[in-house]
Each structure stands twice: as C-alpha cells, then as structure tokens.
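Asks: Attaching a single structure in structure tokens format; questions to follow.
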Amino acid sequence: MLAKVLSSAVIGVEAYIVEVEVDIESGLPAFVTVGLPEVAVKESKERVKAAIRNSGYTFPDDRITVNLAPAHIKKEGTGFDLPMAIGILAARGTIAQNTLSDYLFLGELSLDGRIKPVFGSLSMALAAKEAGFKGIIVPEANRKEAAVVKPIQVLPVRCLSEVVEFLRGQHPIAAERVDVEPEFSVDHNTEEDFAEVKGQEHVKRALEIAAAGGHNLLMVGPPGAGKTMLARRLSSILPPMTFEEAIETTKIYSVAGMMGKDQALVHMRPFRSPHHTVSDAGLIGGGATPRPGEVSLAHNGVLFLDELPEYKKHVLEVLRQPVEDGRVTISRASTSITYPARVMVVAAMNPCPCGYFTDPKHVCRCAPRQIQNYRSKLSGPLLDRIDLHIEVPAIPYRDLVATHDAESSHAIRQRVVSARRIQARRFRRTHIFCNAQMGSRHIKAHCAVDAQSCEMLESAVDRLGLSARALNRILKIARTIADLAGEEAIAARHIGEAIQYRTLDRATARAN
C-alpha cells in the first residue's frame with residue numbers, strides 16, 4: 001500500500017515542503033530510502049523500526065520504499081523520522097490516510113518512541129502557514145518557537161503513540177499558545193551601563209551615532225583606554241527589535257540549534273564577539289554541511305571584533321561582501337545557500353603592535369616598518385566599509401577619579417530610539433530599518449545638502465582622497481546626526497562632524 005505524509009526541511013534559513021511517500025509491498029524484508037538522503041536520513045530506518053516496535057505497533061516484514069520529494073534536493077537532518085513512521089503505519093492501515101493531509105509532521109525519534117527536537121522548526125511553521133496547512137505537529141521542545149507563527153495550530157507531542165492516538169481521534173492535543181507582546185513591551189536593561197564609563201565623551205557620542213543609524217565603527221587607541229568596555233556597553237543603547245527583526249534573527253538561531261529551552265523568540269539584539277583565531281568558515285559560515293557563521297548569528301545586532309589586526313587577513317577580507325550586502329552566500333556544487341547578515345560591525349585595534357604609537361605618556365618602540373605592516377592588515381576596501389573611525393585616547397587621571405555620574409545608557413537610548421522612529425517613518429514602505437542600509441537611490445532622496453555643505457565635502461574629498469563609498473558613508477552619518485538633533489535638513493555642522501569620524505582617512509592622507 002501507498003501512503004503520503006507531508007514534512008519540511010530547510011535550505012539556509014528558509015523551509016520547503018517535503019512529501020514523504022511510503023510504499024509497502026510483498027517481498028524480502030528491506031527498507032530503502034530514496035530522494036537524495038544524507039547519512040542521518042539513511043539511518044532513520046533503524047530509529048523508525050525500533051520506535052514503532054517499542055511503541056506497541058507492528059513493523060511490517062515486507063519491502064518498504066520511502067521517497068523524499070522533491071528528489072533533486074539533498075535531504076539533511078533527523079526531522080523525517082516521525083513522518084516516515086506515520087507513513088508506514090498509515091500504509092499498513094493503523095492510521096486513516098485522510099487524517100494526514102491537514103498537518104505537517106516533523107520530529108526525531110528515539111528508539112523507545114520518544115520525539116526529540118529538530119532544528120529550524122520556526123522556518124518550517126512559516127512554510128506550513130504559507131502552504132495553507134491547518135497545523136503542524138512538532139516535538140514538545142520546539143513548541144514555543146513554532147507557536148510564534150499564527151494562526152496555524154501548533155500541536156506539541158512527546159512520543160509516537162501520542163501522535164497515533166491523536167490521528168485516530170482517541171486523544172486530543174491542545175494547541176500551543178504564545179504571547180510575545182510582553183517581551184517587546186519590557187525595557188530589557190543590560191548589566192553594563194555607560195554611567196560607569198569615566199570620560200571618553202567623544203567616543204560615547206560616536207557610539208550613540210552608530211547605534212542611532214546602525215553604522216559600523218572602528219575604535220583605535222592604546223591598551224587600557226576602554227575600547228572593549230565601551231563596545232560591550234553598546235548593547236545597552238541599541239533600540240529594541242521589531243517583531244519582523246526578531247523573526248529573522250530567531251530563524252537563524254533555530255536553524256543553528258541555538259535556541260534556549262522554552263525560548264520562543266530572540267527578542268534582544270545579538271552581541272557576538274568571536275576570538276581572533278576564528279576561521280573564515282566560522283566567521284562567515286560554511287563547512288561540509290553549511291552552517292551560519294558569527295556574522296549571521298549577529299544579524300540585527302552587533303559583531304564585535306576586538307584586536308582587529310590580529311585576525312587573519314583573508315578572514316577579514318571575506319567580511320567585505322556581507323558588510324556591503326547584508327547577506328552571506330555560500331556556494332556548493334549542488335546548491336547555493338544564503339544567510340542574512342545585516343550587522344553592525346564594531347571593531348577595536350591598537351595604533352601599532354606595542355599599542356603606544358599615539359599615546360603621549362608612553363614611548364612607542366615600534367619601527368616604522370612594523371607599524372606599516374601592522375596597519376596594512378586592514379585593506380582600504382575594508383576600511384571604506386566602516387562608517388566611523390574614532391580615536392580613543394588614554395583616560396586622564398582627573399576623569400578616572402571624577403565623582404560625578406556620567407550620562408546613563410537609558411538617557412542615551414531614548415535619543416537613539418527617537419532617531420530610529422524618524423528613520424522608520426522615512427523608510428516605512430521599504431525593507432530598510434536604519435540609515436546605514438540606504439542605497440544610492442535613498443541617499444539621493446534623503447541626504448540632500450546645501451552649497452556650504454557641498455564645499456566642505458569637496459574639500460574633504462580633495463584633502464583625504466576619499467572614495468565614492470567613503471563619501472556616501474559621510475552622507476549617511478550626517479543624516480543620522482541630523483536625525484538625533486530632530487532636524488529634517490542636513491546642515492553644514494552635521495557634515496563637519498561626520499567628516500571628523502574618518503580618522504584613518506586623515507591618517508592615510510598625512511602619510512602620503
């Protein structure tokens with residue numbers, strides 16, 4: 001007999017529907033899986049056989065053929081165990097086949113019939129909704145992230161026998177309900193606060209601009225100046241995630257298997273800080289079975305690269321395309337996988353190998369050749385893609401012992417949120433969330449400047465040798481500075497401040 005059960009799998013972060021066709025015919029006992037199954041899918045036959053028997057049902061001693069369609073796409077993962085088992089029981093008549101077409105099935109089976117969680121259940125629930133299914137049957141551990149998708153029914157199950165009894169009409173399953181609104185209405189304060197940072201007011205200003213516009217930022221300064229401390233407090237002033245951003249980020253964490261227990265959504269902006277020994281596959285994604293890298297795990301959040309020149313040069317160069325395009329494409333012989341990677345890149349570095357090249361209180365013992373080699377690890381195209389370059393000097397003693405409190409993260413965050421609201425209204429009919437994501441067309445429409453500003457920009461281009469990309473970055477920063485000030489038009493003072501945040505361009509011009 002033939003039975004068909006519907007399941008799902010993911011390519012990148014997007015899911016597609018898989019038809020699990022099961023055919024049982026007389027012949028020597030065999031269990032064959034076709035449709036480009038990888039090793040974990042081929043091993044399903046042993047788990048399915050043991051789970052059916054240990055759940056109290058009869059496993060047929062006949063020839064079983066399982067086809068996973070579409071057959072031209074390689075099937076990966078263990079989520080086909082449950083649909084295979086249901087298909088076998090339906091083909092034997094244990095379950096009525098007319099009950100199967102309303103639901104999508106996914107889950108890994110233990111040998112005793114328990115159903116274990118799978119990766120990517122949020123994407124699969126979205127695919128079920130788009131395909132018009134009544135509901136989706138998921139492992140209990142995946143119930144909350146799948147239940148974010150409405151209005152389809154999400155039915156959590158713990159074992160194979162529970163699914164069979166439900167399909168027979170013997171045991172109803174209560175649909176999972178999740179209310180995510182409270183997560184977005186609460187102000188999630190982090191432990192770090194800018195009130196704890198002494199001095200460095202100009203650096204805090206640069207971080208505020210970066211947070212308000214989603215701009216990339218590079219801090220250059222001697223050891224102990226507070227670069228890492230400032231970067232780690234950036235999360236405390238970032239605006240809250242929108243529901244759409246939370247869904248995008250959660251899909252990545254769900255596919256990567258990094259969702260916490262009973263976690264429905266990733267509702268706080270990620271902060272990822274990979275070590276400088278990370279490989280290009282670890283940073284961008286890839287591997288034999290492509291997985292999302294750190295740049296995708298930081299989607300809609302911050303990717304912090306401390307000691308930037310210590311990263312391998314080829315690892316830094318592969319960052320260029322994701323930073324520019326907001327996505328990572330991993331190509332293989334059989335397919336091409338795209339992961340979203342819309343991140344704020346925040347980096348920190350010393351001015352030289354010893355760290356004291358710009359520090360007036362310490363003697364730098366690095367030879368000019370050493371400094372040149374150290375800085376040459378950062379290519380011009382990569383620096384062009386970093387919007388703000390800021391010098392972080394050593395903190396003076398009077399600032400360290402100051403007793404007055406610095407401005408809190410809460411106060412700074414209010415200004416950042418106000419600026420983001422202005423940008424949300426400006427880009428409400430597009431897929432742009434902040435000024436840093438503007439393309440040439442949007443820059444032309446929203447970054448018009450007056451004659452005085454044009455003269456300043458012309459002078460900066462001539463003196464600093466700025467590229468067209470760097471010029472666009474200045475205009476985006478100026479737009480954000482104007483938004484923070486609540487002003488519609490970009491003025492010359494906004495342009496002047498934006499030019500000051502191209503420190504490394506000025507240093508290169510002086511060196512030439």
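Asks: Express in whole angstrom the spacing between the alpha-carbon centres of segment 259-301 and segment 80-148.
Replies: Centre-to-centre distance over Cα atoms comes out at 27 Å.
Asks: Can you give the alpha-carbon Rg of segment 152-257 over 2.2 N^0.38 Å, where N counts its residues? Provide the component values of the computation, followed by the final result.
Replies: On the way: Rg = 22.5 Å, N = 106, 2.2 N^0.38 = 12.9 Å.
With N residues counted in segment 152-257, Rg over 2.2 N^0.38 Å equals 1.74.
Asks: Where a ≥ b ≥ c are the square roots of the eigenvalues of the C-alpha gyration tensor, would you call segment 1-150 rounded, which needs a/c under 1.5, or, failing that, prolate if a/b is larger than b/c, or oblate? Intermediate values should be presented prior to the final figure.
Replies: Values: a/c = 1.61, a/b = 1.51, b/c = 1.07.
Prolate.
Asks: Could you work out the relative contact order of segment 71-197, using alpha carbon pairs under 8 angstrom and six or more residues apart, expressed as a whole percent? Numbers along the way, then the final one.
Replies: Values: 178 pairs, mean separation 25.3, N = 127.
Across segment 71-197, relative contact order equals 20 percent.
Asks: Now for a separate question. Give the long-range amide H neighbours of Arg269: residues separated by 5 or more places, or on another chain, with amide H under 5 Å away, using H modelled in the peptide plane at 1.01 Å from N.
Replies: For Arg269, whose amide H was placed from the backbone, the distant partners under 5 Å are Met241.
Asks: Give the angle, between 0 and 90 degrees and rounded to the nearest 10, that separates the Cα long axis of helix 409-426 from the longest principal axis of the Cα atoms of the chain.
Replies: Value to nearest ten degrees: 70.
Asks: Past 21 Å, Cα to Cα, is the threshold; run Lys45/Lys134; Lys4/Lys49; Lys49/Lys74 against it and keep the listed order.
Replies: Working: Lys45/Lys134 28 Å; Lys4/Lys49 18 Å; Lys49/Lys74 23 Å.
With Cα atoms farther than 21 Å apart: Lys45/Lys134; Lys49/Lys74.
Asks: Oh, and also: Let me know the charge dipole size of segment 314-414 about its Cα centre in debye, to the nearest 20, where only the beta-carbon of Lys, Arg (+1) and Asp, Glu (-1) is charged.
Replies: On the way: 12 positive and 10 negative charges, 84 e Å.
Its charge dipole is roughly 400 debye.
Asks: Roughly how many percent of the accessible protein surface of segment 263-343 is carbon and sulfur, given a 1.4 Å probe and a whole-percent answer? Kindly include the intermediate steps, with their values, before the conclusion.
Replies: Details: 1600 of 3260 Å².
Here it works out to 49 percent.
Asks: Which of the listed residues, Leu464, Pro292, Ala394, is farthest toward the dipole's positive end in the chain, when Lys, Arg count +1 and Asp, Glu count -1 at the beta-carbon?
Replies: My answer, from the dipole projection, is Leu464.
Asks: Relative to the longest principal axis of the chain, what angle (0 to 90°, nearest 10) does the C-alpha long axis of helix 451-464 take?
Replies: 90 degrees
Asks: Oh, and also: For every other residue with a beta carbon closer than 15 angstrom to the beta carbon of Ala40, add +1 if it is Lys or Arg and -1 if Asp or Glu, then tell me the sum. Each step should come with its number before you reach the end.
Replies: On the way: positive: Lys42, Lys45, Arg47, Lys74, Lys75, Lys116, Arg291; negative: Glu38, Glu43, Glu46, Glu76, Asp81, Glu108.
After counting each charged neighbour, the total is +1.
Asks: At what distance in angstrom do the alpha carbon centres of segment 362-397 and segment 472-497 lie from each other?
Replies: If we compute the Cα centre of each part, the gap is 26 Å.
Asks: What's the angle, to the nearest 10 degrees (0 to 90), between helix 44-54's Cα axis and the longest principal axis of the chain?
Replies: On a 0 to 90 degree scale, this one is about 50.
Asks: For Lys444, give me every one of the lysines with a C-alpha distance below 21 angstrom, ignoring sequence neighbours fewer than eight places off in its own chain.
Replies: Lys476
Asks: Sticking with this one: Given H placed 1.01 Å from N in the peptide plane, which residues other than close sequence neighbours of Arg502 have an amide H under 5 Å from its amide H?
Replies: His389
Asks: Quick one: the Cα spread of segment 95-172 along its three principal axes, in angstroms, biggest first?
Replies: The Cα atoms of segment 95-172 stretch 29, 26, 16 Å along the principal axes, largest first.
Asks: Moving to a separate point now. At a 10 angstrom cut-off on C-beta neighbours, averaged per residue, how do the peptides 61-69, 172-180 rank from highest to lowest? If you can, show how the numbers build up before the last one.
Replies: On the way: 61-69: 17.9, 172-180: 13.2.
With the highest mean Cβ count within 10 Å placed first, the list reads 61-69, 172-180.
Asks: On to the next question. Any idea what the dipole of segment 39-129 comes to, in debye rounded to 20, about its Cα centre with Lys/Arg Cβ at +1 and Asp/Glu Cβ at -1?
Replies: Working: 12 positive and 9 negative charges, 19 e Å.
That gives a dipole near 100 debye.
Asks: Just to confirm, what accessible area per residue do you get for segment 395-509 at 1.4 Å probe, in whole Å²?
Replies: 54 Å²
Asks: Calculate the dipole size of the chain relative to its Cα centre from +1 charges on Lys and Arg beta carbons and -1 charges on Asp and Glu beta carbons; express the result in debye to the nearest 20. Provide the component values of the computation, followed by the final result.
Replies: Details: 63 positive and 59 negative charges, 190 e Å.
Taking the Cα centre of the chain as origin, the dipole is about 920 debye.
Asks: Would you grab the residues whose amide H sits under 5 Å from the one on Arg327? Only those 5+ places off in sequence or on another chain, please, with H modelled 1.01 Å from N.
Replies: Long-range HN contacts for Arg327: Ala341.
Asks: Less than 17 Å apart at the alpha-carbon level, and either on another chain or at least 8 residues along: which lysines does that give for Lys198?
Replies: Lys227
Asks: As an exercise, find the ratio Rg/Rh for segment 424-472 from alpha-carbon atoms, using the Kirkwood inverse-distance average for Rh. Please list the in-between numbers first.
Replies: Working: Rg = 13.0 Å, Rh = 12.3 Å.
Dividing the radius of gyration by the Kirkwood radius yields 1.05.
Asks: Under a cut-off of 15 Å between alpha-carbon atoms, report the aspartates and glutamates in cross-link reach of Lys75, not counting same-chain residues fewer than 8 places apart.
Replies: Straight-line reach from Lys75, under 15 Å: Glu14, Glu19, Glu21, Glu38, Glu43, Glu108.
Asks: Over segment 67-126, average the accessible area per residue using a 1.4 Å probe and give it in Å², no decimals.
Replies: Numbers: 1990 Å² over 60 residues.
That works out to 33 Å² per residue.
Asks: If you don't mind, there's one more thing I want to ask. From Cα pairs below 8 angstrom and at least 6 apart in sequence, can you work out the relative contact order of segment 238-307, rounded to a whole percent?
Replies: 34 percent
Asks: What do you reckon, how do Glu307, Glu208 stack up by accessible area (1.4 Å probe), largest on top? Walk me through the intermediate numbers first.
Replies: Values: Glu307 60, Glu208 10 Å².
From most accessible down to least: Glu307, Glu208.
The values are calculated or read from the model by the stated rules, or taken from the named source; none is laboratory data. None of the values given here were measured: they were computed from a predicted structure. Backbone-built Cβ (ideal geometry, glycine too); neighbour counts: all protein chains shown. Accessible surface areas use protein heavy atoms only, side chains included; no ligands, DNA or RNA. Shrake-Rupley method; radii C 1.70, N 1.55, O 1.52, S 1.80 Å.
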